[in-house]
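S.K.: Questions regarding the structure given below will be posed in turn.
The values are calculated or read from the model by the stated rules, or taken from the named source; none is laboratory data. Bear in mind the structure is a predicted one, so any value in this text is a computation, not a measurement. Cβ coordinates were reconstructed from backbone atoms using ideal geometry, including for glycine residues, and neighbour counts include every protein chain displayed. The area values use the complete protein model at the heavy-atom level, side chains included, leaving out ligands, DNA and RNA. Shrake-Rupley method; radii C 1.70, N 1.55, O 1.52, S 1.80 Å.
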Amino acid sequence: MDNPSTTPQDSAGQPVDPWAEPDTAGHAIHGSPVIVDRPSLWQRMGGGSLSISVVLHTVLILLALVWYISSSVTPPPEQVDFLPGGGGGGKGTAEKLAIKKRQAVSMATPKVRIASTATSSIALPDIQTSISTLSALSQNTTMGGGLGGGSDGLNGSGSGGMRGNGRGTGMGPGSGAGFVSVPMIFGNKIDAKRLAVVLDMSGSMYAFMPLVIKEVDKVAAGSTIVLHYGCGLGAEEDNRIRIEETAGGDFEKSRIYVNLKESQTVGMTTDERSKLLDMVKKRAKTYFVPSDTVSTTWAALMAERLKDVDAVYWFSDFADPITDERIKDVARKLKARRQKLYIQPSNPEWRIAGNAMAANVAKLKEEIVDPSGGKVIDVDLKKQSEEAKSDQKPGDSSMK
């Protein structure tokens, strides 16, 4: 009989077979002993999964570092002894490579000291010149960069024993055809950047034309000039009149050309009139109104080619009739284009009160000139023209 002190018992004091297998409640059955493994604290805290995660992330970080270091380190550039061909027509690569190798083995050019007291053999040109000369050069020069205005100043290129390009930072007057470089015409300020001109080419105006055209090209070289026979603003003419170029063949059929060719105007010789015709025919951007009447000046003032300018300069004696209807038409057109009108009477008699020219000038000033922001230019060109002719040398019939 078993000794009760050595036989295992359960909580109720009943003997238990130590070899019993435990059931789901931990009780022994079939005589198997109960052996239960308790998990450690590290396992109860999830230490196993954490260890796996740490190892995995460490491996990933190491792989990322290796990739970053290998990609950020750039190998030194390989020196390629190659010269590009430089486009069609240039020397071949082999020839350029040979030239480069010869230059590499050639002796260096010895340095030369230059004494500051040595006299230079290069004479610099005198840059003192008038604005009108600069204006003429800017249009007619055929040099490298040309001579122009704006911030580029003087540009040019030269060739000789060596080749090179030069660029300066000077400032120049004007930068394009029709742009005002000197905002003064016969000493009067012109508030405009782009200027167009309407000239009366009737018989009484011939002597003034060379002087006026020269002044206009000094102020706004290459500006548009429109010629008209007379200075009237009539209301009965055809509104479809369009200006034409003086370089065309129709100009020689116009009243302007025929009258100037055949005129016996006092103060102009035949040679001077021929030179005036050549001037207006050959000058670029010079037009005329193809009309036989003196009342179609409005076709010049309202011409489509003048739509982009800031101001119109009208030179005439203002002796021909003007109508209220045409004055209003011209005033509306200039207002729509935001253009100023500057007028200059050629005959000093316009200053005499009661004179027909004085009345026309006063009406134009009130109805068009002042509302547009322009002005009446009061300069005695008749006196200036006479002085210019008196300055000519004996036998010199060239126009001033």
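S.K.: Would you mind checking Lys193/Lys328; Lys253/Lys363; Lys193/Lys375; Lys275/Lys340 for any pair whose Cα atoms are more than 23 angstrom apart? Don't skip to the answer; put the middle values down first.
M.R.: Numbers: Lys193/Lys328 25 Å; Lys253/Lys363 33 Å; Lys193/Lys375 16 Å; Lys275/Lys340 32 Å.
From the list (Lys193/Lys328; Lys253/Lys363; Lys193/Lys375; Lys275/Lys340), the Cα-Cα distance tops 23 Å for Lys193/Lys328; Lys253/Lys363; Lys275/Lys340.
S.K.: Would you kindly state how much longer the chain becomes between Val55 and Arg351 on full extension, computed as 0.36 nm times their sequence separation minus their alpha carbon distance, in nm to one decimal?
M.R.: On the way: separation 296, 0.36 × 296 = 106.56 nm, distance 10.74 nm.
95.8 nm is the gain from fully extending Val55 to Arg351.
S.K.: Oh, and also: Arranged from highest to lowest average of other beta-carbon atoms within 10 Å per residue, in what order do the peptides 371-381, 346-356 appear? Don't jump to the answer; show the numbers that get you there.
M.R.: Working: 371-381: 17.5, 346-356: 14.3.
Descending packing order for the listed peptides: 371-381, 346-356.
S.K.: So who's got an amide H within less than 5 Å of the one on Thr246, skipping anything under 5 residues away but keeping other chains? H placed 1.01 Å off N, in plane.
M.R.: Thr286, Tyr287, Phe288
S.K.: Got a number for carbon plus sulfur as a percent of the stretch 219-323's accessible area, 1.4 Å probe? Please report the intermediate quantities before stating the final value.
M.R.: Numbers: 2170 of 4460 Å².
Result for the stretch 219-323: 49 percent of the exposed heavy-atom area is carbon or sulfur.
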